[in-house]
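The values are calculated or read from the model by the stated rules, or taken from the named source; none is laboratory data. Since we're looking at a predicted model, the values are computed, not measured. Here the Cβ positions follow ideal geometry from the backbone for every residue, glycine too, while neighbour counts run over all protein chains shown.
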Amino acid sequence: MSLPPSSYELIARAHRVCGAFNARVRRSVAAVPGNPGRVSVERFGSTWATRCELPDAPDWMNLMGPISAADLDALPAALAWYGDIHPMIEVTPQPDHEKLARELAARGYAATSQLDILWALRPDVVAAPQTLVRVDRVHQDESMAFARTLLGGHVETFWDQEAEGLANLVGGENVHCYLATIDGEPAAGAILTLDDGLAYLANASTLPAFRNRGCHNALLTARLADNANMDCELVVALADVGSTSHRNMERCGLHTLVTATQWTFHEPPA
């Protein structure tokens, strides 16, 4: 079987699955008792908006997307919902993209980074790499170790409520969490989530002390092997253009479907 023809519909579907999972993670953080992270999630049209009102919140906690020209009418309400916060905005390539780009530019936004959406057919057989890395599905009693490992691979510091919210995803519907260990020590983590007929390889990260030892590749192959026994025929993922993660995904058979843009706020033009 070969990949189906790419289309704007497939691009929107793949990016929408990625955005929906990001919103699910933020909702889990918001559900921590008392919501100490002051996190909220809202939907405007087909785009998700996540907000964190803490003054030192990282950019990825204030993220709108994916958005396309089809959501242009919802943009004013979405930006108003953020108040004084200027979110990062992920834009899906779609027809009439120029209309959205001009509107964002008029509001002080500029395209500052790129993100590839990759895809592949579900593999029938996945060869396990020859490595010292061990990958296991995460059980409930390992949820906090998993959450702290995954977050620690992404950022130097994080809030306790982020770890608690992420840990609460373990065992959730259509969410499969993985922990990679080396000599028994937690080294890396990743997630496989199923949505809208797609398997999304989400959120992999490796602790700095364990990088360049095959963790990311081991997590990729473990998730692809598990997905071989699931109902989703197409696999999707996100990766920074030209990154090590991108190259590992290509070695595992994924290919770039499309490049999305990420927009950040600058001063509006005079």
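Quick notes on this one:
- Within the span defined as the stretch 49-61, one or more residues are closer than 26 Å to Tyr8 by Cα and either at pLDDT below 95 or not hydroxyl-bearing (Ser, Thr, Tyr) (or both).
- Asp71 buried (at least 17 other Cβ atoms within 10 Å of the Cβ), under 22 Å from Arg27 (Cβ atoms), of a type in the set (Asp, Glu) and under 22 Å from the mean Cα position of the chain (by Cα): yes
- Test: Glu90 is of a type in the set (Asp, Glu), touching a His at 6+ places or on another chain (Cβ under 9 Å) and not assigned by TED's automatic domain parsing to the domain that holds Ala167: yes
- Of the residues Ala20, Ala12, the single one that is within 19 Å of Gly197 (Cβ to Cβ), out of contact with any strand residue (DSSP E or B) (no Cβ under 7 Å at 6 or more places or on another chain) and assigned to a helix (DSSP H, G or I) is Ala12.
- Qualifying positions in the stretch 208-245 - in a helix (DSSP H, G or I), loosely packed, with under 14 Cβ neighbours inside 10 Å and without any contact (Cβ under 8 Å) to a residue 40 or more places away in the chain: Ala209
- Residue check, Arg26 closer than 24 Å to Cys177 by Cβ, in contact with a strand residue (DSSP E or B) (Cβ under 6 Å, 6 or more places away or on another chain), basic (Lys, Arg) and in a helix (DSSP H, G or I): yes
- Residue that is surrounded by the most Cβ atoms within 10 Å (Cβ to Cβ) [pool: residues in the stretch 254-270 that are in contact (Cβ under 8 Å) with a residue 60 or more places away in the chain and more than 20 Å from His15 (Cβ to Cβ)]: Phe265
- Pick from the stretch 1-53, criterion over 22 Å from Arg122 (Cβ atoms) and in contact with a Pro (Cβ under 9 Å, 6 or more places away or on another chain), ranking: surrounded by the fewest Cβ atoms within 10 Å (Cβ to Cβ): Tyr8
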